[in-house]
Amino acid sequence: MSQYPIEVKNAARSLYLKRYKIKEIAETLNIPKRTLYHWASSDNWDDLIAYETAEEAINRRITLLAERENKTEAELTEFDVLVTQLERLERLSRRKRSTEVNAEAEAAADTGQSRGNKKGKKRGKKIKNDVSHLTEADFREKFHKTYFHYQAELYKE
């Protein structure tokens, strides 16, 4: 039988699922860290955590830290780092969105579908590796000039 009541274990799991750190849970509930690590691994608490994007995880942690009173110096430092990271991720996502919009606009302009060019030409589907326009003279002129000595001898035969 466990030394701790099931309510304590459930409270620890609840805090873990809210992404509290093991150290924070240990300090809050006055439970040894090793016990918490054991519970987390034996009960597969990691499998219960819903996967989230980096922005969601950072926002959740910022919210958690912002709600705390009497923050330690380490928590304030972590808060600053998280805010900086969130700003960087937002800049990257804005840059990515603008790049995608520009690429779509260029694709529309290339196909003649942009708003300013409604009378774009309809192009037929190009055939890959189409050499039908080349003649035998083209091959002699451009291709056969680049033969190695042994290739030229084989071609003569």
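Considering only the stretch 1-20, state which residues are touching a helix residue (DSSP H, G or I) at 6+ places or on another chain (Cβ under 9 Å) and closer than 18 Å to ARG61 by Cβ. Let's see the steps before the verdict.
First, the residues of the stretch 1-20 that are touching a helix residue (DSSP H, G or I) at 6+ places or on another chain (Cβ under 9 Å): 2-4, 8-9, 11-13, 15-20.
Within the stretch 1-20, LEU15, TYR16, LEU17, LYS18, ARG19, TYR20 meet the criteria.
For the stretch 26-49, how many residues meet the condition of being of a type in the set (A, V, I, L, M, F, W, C) and open to solvent by 70 Å² or more (accessible area, probe 1.4 Å)? Reasoning before the result, please.
Filtering the stretch 26-49 down to residues of a type in the set (A, V, I, L, M, F, W, C) leaves 26, 29, 31, 36, 39-40, 45, 48-49.
The next check asks that each one be open to solvent by 70 Å² or more (accessible area, probe 1.4 Å); those that pass are 48.
Number satisfying all stated conditions: 1.
Evaluate the stretch 83-98: report whether one residue or more is out of contact with any strand residue (DSSP E or B) (no Cβ under 7 Å at 6 or more places or on another chain), at pLDDT below 90 and outside any helix (DSSP H, G or I).
Checked the stretch 83-98: no residue is out of contact with any strand residue (DSSP E or B) (no Cβ under 7 Å at 6 or more places or on another chain), at pLDDT below 90 and outside any helix (DSSP H, G or I).
Could we say that LEU15 is out of contact with any Leu (no Cβ under 9 Å at 6 or more places or on another chain) and open to solvent by less than 50 Å² (accessible area, probe 1.4 Å) here? Reasoning before the result, please.
Numbers: out of contact with any Leu (no Cβ under 9 Å at 6 or more places or on another chain): no; open to solvent by less than 50 Å² (accessible area, probe 1.4 Å): yes.
No: the conditions fail for LEU15.
Scan the stretch 17-53 for residues that are of a type in the set (Ser, Thr, Tyr) and either assigned to a loop (DSSP other than H, G, I, E, B) or without any contact (Cβ under 8 Å) to a residue 24 or more places away in the chain (or both) and jot them down. Give the steps one after another, and end with the answer.
Taking the stretch 17-53 as the starting set, the residues that turn out to be of a type in the set (Ser, Thr, Tyr) are 20, 28, 35, 37, 41-42, 51, 53.
Within the stretch 17-53, TYR20, THR28, TYR37, SER41, SER42, TYR51, THR53 qualify.
If GLN3 satisfies all but one of (1) open to solvent by 70 Å² or more (accessible area, probe 1.4 Å); (2) assigned to a helix (DSSP H, G or I), what's the number of the condition it fails?
The one condition GLN3 does not meet is (2).
The values are calculated or read from the model by the stated rules, or taken from the named source; none is laboratory data. Just so you know, these numbers come straight off a predicted model, no measurement behind them. Heads up, the Cβs are rebuilt from the backbone with ideal geometry, glycines too, and the neighbour counts pull from every protein chain shown. Heavy atoms of the whole protein, side chains included, go into the accessibility calculation; ligands, DNA and RNA do not. Shrake-Rupley method; radii C 1.70, N 1.55, O 1.52, S 1.80 Å.
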